[in-house]
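Visitor: Structure incoming, see below.
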Amino acid sequence: MNSLADQLLVLVMLINLIMLGSSRLIFSIRAVAAQGVILGILPGLIHPFSLHLTGITASVILAKGIIIPYLISDAVHKAHIRREVEPFIGYVPTLFLGAVFTALAFVFAEKLPLAPEHKELLFVPASIATLLTGFLILTTRRKAISQVIGYLVLENGIFVFGLLLTEAMPFMVEAGALLDLLVGIFVMGIVINQISQEFSSLDTSRLRALKEE
Amino acid sequence: MLVLVASSIGWYALFCLLGGTLGGIYQLDWPMPFGPALFAVDPLSALFLFPLFLVSGCVALYSLSYWPAAERSDSARLTLFVGVFTAAMVLVLLVRNGVLFLMAWELMALAAYFLLTTEQHNREAQKAGTIYLLATHSGTMALFALFSLLHRVTGSFLLPAPHSLSTSVTLEAVILVTALIGFGGKAGLMPLHFWLPGAHANAPSHVSAMMSGLMLKMGVYGILRTVLLFVDLPGWFGWLLLVLGGWSALNGIALAAGQRDLKRLLACSSIENIGIIFIGIGMALVGLQTGAQVLFICGFFGAFLHIVNHGLFKSVLFLGSGVVLHSSGTREMDRMGGLAKRMPVTAALFLVASLAICGLPPLNGFVGELFLYLGALYDGIASPLPVLALVAPLLALVGGMAAITFVKAYGTIFLGTARSTVAEHRHAADGPMVGPMLLLAVCCLAIGLAPLLLVRMVAPVVRFYSGADVNLADLGGLQIPLMPLTALNLLLLALIVVLAVCYRLRLHGLPKAASATWGCAYQAPSPRIQYTGTSFSEMMVNLVGYVAAPQRLKPVLAGFFPARTATFSYRPVELLLDRVLTPLFSWIGLAFSYMRRLQHGQLHIYVLYVFATLFVLMIWAH
Amino acid sequence: MIDIIIHCTVALLLPPLLLGVITKTKAAFAGRIGAPLLQSYYDIFKLFRKGSVFSTTTTWVFRAGPLVTLAATVTAALLVPLGRHNAPLSFDGDMVLFAYLFGLGRFFTTAAALDTGSSFEGMGAAREVTFSCLAEPTLFIALITLARMSGSLRLSTILTYPSPGLWLATGASMLLLVAALFIILLAENCRIPFDDPTTHLELTMIHEVMVLDHSGPAFGVILYSAALKLLVLGAVFVNVALPVSTGDSLEDWGLFVVAMLALAVGIGVVESVMARLRLLRIPQLLVGATILSAFGMLLVLR
């Protein structure tokens, strides 16, 4: 089972890289959804079956794989944008940076004082790599929607780390985090609509115009 | 007078050839007390002397027809300084005394300066000369520090015997870093390479050949000599050399790919090759540090072979560029084209050297790189954390970019048709200049086909460093494939010959027609629609824009029939020099302009300065 | 000895069939009957009997281009193991020579293209050198990773080492390597999505546009070397992707031929369902392949 979990984690990291290299927003959203579904399956592979576990799996797949992507793609359709046009750093350099960060994540994971049973698996490097990818997307992309996607990837990274602790993680905390995220997405969706109406573009760097002179 | 000059060139050539045979004989130490001076030939200097004598001899022969004394008024000066330059380099390799070394070093640097400003009235040459002078003297400053530090450690200016110096960690680090700055700047290691493209481009071609093929190697020699002095080296030094080498190799070739000026392109590719040499040295030092014998052997063999090889093929390329320059009258590749038809021998020799510099079999460039690859691959399977294995993909990338650069150079200069009337109207022929080039190119092919010859020659140098015999047949389970390489290279050549003969025979029986190149149904093709070198490399240059960063000035087009003045211009930019150093120096110049007020030409105030200084010193002393 | 003879026979005779299978697959996808499987052989033979037209712009480099490329590819074919059989020639570090022989061929192909002075051919040559330059590091990273698994530096050992057991043990990294190798295979052989070998729009092509001016026997040689290159790089891919062995030498040869034909069908399927990428996306995909292989290496190192 564990080797299967490892393969899925490799897939998670690949999705990170795909997201860094793609310019189509819809494609990125689907990739995030796929990542969410994989994350939903993962707990079932490493922990013994329980009701708690089923709840987590179902809620994660529902939230990360279906509801949130649906909301974002809805926003995309409403705002009439299809691709991220001018990222601050080009696609190939970000892809390269993402690869470097992934490698660094492995190095960090080696250094961390982990329980031996966690050391063998890819969970820690995968979570750090996903976190860093999220940061990379957040910092290099211009469009508000790309930033939401970056935020989601970031959250996925945290979730992977949390997987190691599912037994200890109270259900409420997890549910609370998901709820936060959901509310966040709602707010973002509304804000995005407002920005696009106000500036007729979703370029967040234009928000500087709101600064007091 | 003119006869005298001509004979002096001939004498110089003889001297060099004679020196070549002498250098071959003396393999043993030859200490000659000369006051405090000490001269010696050891394997390390012999390694550098071999290409030195070979190339400078060829260069001298070449210059007889390239810079004929009868036609050029400045040839006396050129001849003199070529002689001084060569002699100074020989001296640098032979002296074992710090002070004398610095003198020889400075002599070499100054001779190079005068050589490169041969065309005094050319503003570009002047500017390049000034930058070169600044760079070389900053480097010499570091060398002054280096030799004073060595003096402090040993108490004498004589260089200590190999593997004898051991000192505190800090002092060792300082010595190594000063050596790296002083010698690395001379070698053109990035980021101290900024003087190099301008200097090589503006010197007469045979001088460029000597500067690139030989003088840069003096920097490498200096570092190898310094490294040799220590009993044990700190681990970081090897890694530092490796990183700097990798950086130079990648960025050097990226710079080269974007050039339009043939000689600048060759100069930038020198940076790349120096980078490859330093990758080898770094690999060897890392191997020495970690006790990995294979890395040590492969690294040093790779570096040493590449030192000799680069001297050979880069000289052919620069000498070839001289011939091209002579016949086309321009250094800009995008204005040339079709020269292969009028100078087939030069074209063929340039092709051989281009293949060699891309590291392609069956030529000598491949042999040196093969050793580096083997070291990297061995590290890939043997070491627990194979960071060095990344050298292999790096070299592959560099090799690919070298192929872009040299296909571009060869294709735009020699193939197709002439792109401008400049290139067309000058009369062009191979001339007697191809003789020396032919000799060097044959050496390239010989080393490529029978690498064992050169490996035998280099082995004593590696032994000099390791202190033990090297058995290439069995290196910890790794066999260096020299014999298979020879066999396969011969097989490849045989295949090519057989195919060529078959093709010829086949063509005889078939109808043959000659027509214009198919223009995809375009009826009025002109030479100007050919792909230019700039467009050829543009895709790659855009991908590595962070270093090559060419400046594109696009015309502003207005109306349906824009004015004729709207032209597009493309200029490769040297990032460090144009964006950092030049602004920095002009800023410093401004900042110090108030100092000029001290220079007003009134004698008594000058005396006052002297007095004030004396006074301050006296007070300070107490 | 028998193996060497079979190696040479397969390497020399099989390549054009692969082209035929690819065309047939594409025809099947398009609902056509398509050219016969042996069409490439007919083409090559016909070209050998045709006269040549030489542009007046060209020099001997133009004539040497196809010949040197063929010689280099044949030499490379002697270094690569086909199926579970060792290559006729093998020594430590032969993969470096293997990669550089293709480099030699490429140098001459592109030089010959520039020799015609045609802007289209120059364009194709520029693309060819740029893309292969980006593809090369991936090949080396993949080979180093496999070398590390097998602990050898010989292509014959490295490429015959993968086994079903290895796949089960390190599935993720093997999958990444195979994906990277497949991308390289398509890129180096100028197949869709990198290049469209059947298009007649000169501006969009890479390989075909470089050889526009070649004719007669020289063009036959070019067709044949392209097919041979497909076989050689395909063998590298098949050896890693389908590491099965029956234990019997002759059966293994049969298996290899079937695997190669299956690969040809696979390429045909990819060509049928995909469109050519925009030119600017190609470097991205190649860098992506490098990252895939580096990632695979990282997983092996852990």
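A short reminder: the numbers here are calculations on the coordinates, not readings from a lab. Predicted, not measured: the structure shown is a model, and the values here were computed from it. Cβ coordinates were reconstructed from backbone atoms using ideal geometry, including for glycine residues, and neighbour counts include every protein chain displayed.
Visitor: How many Cβ atoms of partner chains, on average, are near each residue of B:341-354 if near means within 10 Å of its Cβ?
Guide: Average per residue, whole number: 1.
Visitor: Relative contact order for chain B using alpha-carbon pairs under 8 Å, separation at least 6, rounded to a whole percent?
Guide: Result for chain B is 13 percent.
Visitor: Once the Cβ-Cβ distance between C:Val244 and B:Arg504 is put in as r, and R0 is 45 Å, what FRET efficiency do you end up with, to the nearest 0.05?
Guide: 0.50
Visitor: Rounded to whole Hz and in sequence order, give me ³J(HN,Hα) for region C:14-21 from the Karplus expression 6.51 cos²θ - 1.76 cosθ + 1.60, θ = phi - 60°, writing x for Gly and Pro.
Guide: Per residue, the Karplus-derived 3J(HN,Hα) values read 6, x, x, 4, 4, 4, x, 5 Hz.
Visitor: To the nearest 0.05, how large is the calculated FRET efficiency for C:Thr9 and C:Leu280 if R₀ is 35 Å and r is the Cβ-Cβ distance?
Guide: Rounded to the nearest 0.05, the efficiency is 0.25.
Visitor: Pick from C:Pro217, C:Pro162, C:Pro36 the residue whose mean-square fluctuation is largest in a GNM of chain C, springs joining Cα atoms under 10 Å.
Guide: Top of the fluctuation ranking is C:Pro36.
Visitor: Quick one: if you stick a label point 7 Å off each Cα along the C-beta vector at B:Arg571 and B:Ala516, how many nm between them?
Guide: Taking the simple label geometry, B:Arg571 and B:Ala516 are separated by 3.6 nm.
Visitor: Still on this structure, I have one more. Please get the size of the charge dipole for region B:205-361, origin at its Cα centre, with Cβ charges of +1 on Lys and Arg and -1 on Asp and Glu, quoted in debye to the nearest 20.
Guide: Approximately 480 debye in magnitude.
Visitor: Each residue of region A:41-50 in turn: what ³J(HN,Hα) in whole Hz from Karplus with 6.51, -1.76, 1.60 and θ = phi - 60°, glycine and Pro shown as x?
Guide: After applying 6.51 cos²θ - 1.76 cosθ + 1.60, I find 6, 3, x, x, 7, 10, 10, x, 5, 7 Hz.
Visitor: With a 10 Å cut-off between alpha carbons and a GNM built on chain C, which of C:Thr23, C:Thr138, C:Thr59 moves the most?
Guide: Comparing C:Thr23, C:Thr138, C:Thr59 in a Gaussian network model of chain C, the most mobile one is C:Thr59.
Visitor: Something else now. Please give, to one decimal in nm, the separation of the simple spin-label points placed at B:Leu171 and A:Ser59, each 7 Å out from Cα toward the Cβ.
Guide: 6.9
Visitor: Taking neighbour Cβ counts within 10 Å as the exposure measure, how do B:Ser168, B:Ser315, B:Ser420, B:Ser269 sort from fewest upward?
Guide: Starting with the residue having the fewest Cβ neighbours, the order is B:Ser168, B:Ser420, B:Ser269, B:Ser315.
Visitor: Sticking with this one: Report, in degrees rounded to the nearest 10, the 0 to 90 angle that the Cα long axis of helix C:39-48 makes with the longest principal axis of chain C.
Guide: The two axes meet at around 50 degrees.
Visitor: Kirkwood-based Rg over Rh for region C:180-259 (C-alpha set), two decimals?
Guide: 1.09
Visitor: Once amide H atoms are placed 1.01 Å from N in the peptide plane, what residues at a sequence separation of 5 or more from B:Leu38, or on another chain, have their amide H within under 5 Å of its amide H?
Guide: Under 5 Å from the amide H of B:Leu38: B:Arg96, B:Asn97.
Visitor: Give me the three principal axis extents of the protein assembly as shown from the C-alpha atoms, as integers in angstrom, largest value leading.
Guide: Extents along the principal axes: 98, 94, 74 Å.
Visitor: Okay, next question. On alpha-carbon atoms, Rg over Rh for region C:44-98 using Kirkwood Rh?
Guide: Rg/Rh for region C:44-98 comes to 1.17.
Visitor: For A:Lys78, C:Lys26, which order do you get if you count the other beta carbons within 10 Å of each Cβ and list the fewest first?
Guide: In order of increasing Cβ crowding within 10 Å: A:Lys78, C:Lys26.
Visitor: What percent do you get for the relative contact order of chain C when only Cα pairs under 8 Å and 6+ apart count?
Guide: Once divided by the residue count of chain C, the mean separation gives 30 percent.
Visitor: Tell me, B:Lys314, B:Lys554, B:Lys127 in order of fewest to most beta-carbon neighbours within 10 Å?
Guide: Exposure proxy ranking, most exposed first: B:Lys554, B:Lys127, B:Lys314.
Visitor: So what's Rg/Rh here for chain B, counting alpha carbon atoms and using the Kirkwood radius for Rh?
Guide: 1.00
Visitor: Hey, what number do you get for chain C at 222 nm if only DSSP H runs of n ≥ 4 count, each worth -39500 (n - 2.57), divided across all residues, to the nearest 500?
Guide: Value at 222 nm, helices only, nearest 500: -24000 deg cm²/dmol.
Visitor: Compute, for chain B, the length of the dipole vector about the Cα centre, with Cβ point charges of +1 (Lys, Arg) and -1 (Asp, Glu) only. Units Debye, rounded to 20.
Guide: 1620
Visitor: What lysines does A:Lys78 reach when the alpha-carbon gap must be under 24 Å and sequence neighbours fewer than 8 apart in one chain are set aside?
Guide: A:Lys64, A:Lys143
Visitor: With no solvent and one point on each alpha carbon, what is the Debye value of log10 I(q)/I(0) for region A:1-143 at q = 0.11, 0.16, 0.20 Å⁻¹?
Guide: At q = 0.11, 0.16, 0.20 Å⁻¹ the computed log10 ratios are -0.46, -0.92, -1.25.
Visitor: ³J(HN,Hα) across region C:73-84 via Karplus (A = 6.51, B = -1.76, C = 1.60, θ = phi - 60°), whole Hz, x for Gly/Pro?
Guide: With the stated coefficients, region C:73-84 comes to 5, 5, 4, 5, 5, 6, 8, 9, x, 9, x, 8 Hz.
Visitor: Using a 10 Å cut-off on Cβ to Cβ distances, tally the other chain neighbours for every residue of A:99-105 and report the average as a whole number.
Guide: What the average comes to for A:99-105 is 3.
Visitor: Determine the calculated [θ] at 222 nm for chain B from helices alone, applying -39500 (n - 2.57) to every DSSP H run no shorter than 4 residues and normalising by the residue count; nearest 500 deg cm²/dmol.
Guide: Computed mean residue ellipticity for chain B: -23000 deg cm²/dmol.
Visitor: Hey, another quick one. Would you mind telling me the antiparallel percentage of the DSSP bridges in the protein assembly as shown, rounded to 5?
Guide: Of the beta bridges lying entirely in the protein assembly as shown, close to 70 percent run antiparallel.
Visitor: Also: What fraction of the Cα pairs in chain C, stated in percent, has a spacing above 36 angstrom?
Guide: Every Cα pair in chain C considered, those over 36 Å come to 13 percent.
Visitor: Right, something else. Hey, how many Å between the Cα centroid of region B:111-141 and the Cα centroid of region C:19-43?
Guide: Cα centroid of region B:111-141 versus Cα centroid of region C:19-43: 65 Å apart.
Visitor: Could you calculate the contour length gain from A:His47 to A:Leu4, that is, 0.36 nm times the residue separation minus the distance between their Cα atoms, to one decimal place in nm?
Guide: Result: 14.2 nm gained on full extension.
Visitor: Quick one: if you stick a label point 7 Å off each Cα along the C-beta vector at B:Ser586 and C:Tyr42, how many nm between them?
Guide: 7.0
Visitor: From zero up to wherever the largest Cα-Cα distance of region C:26-133 sits, split into 5 Å bins and tell me the percent of pairs in each.
Guide: Pairs per bin, as whole percents: 2, 10, 13, 14, 15, 17, 15, 9, 3, 0.
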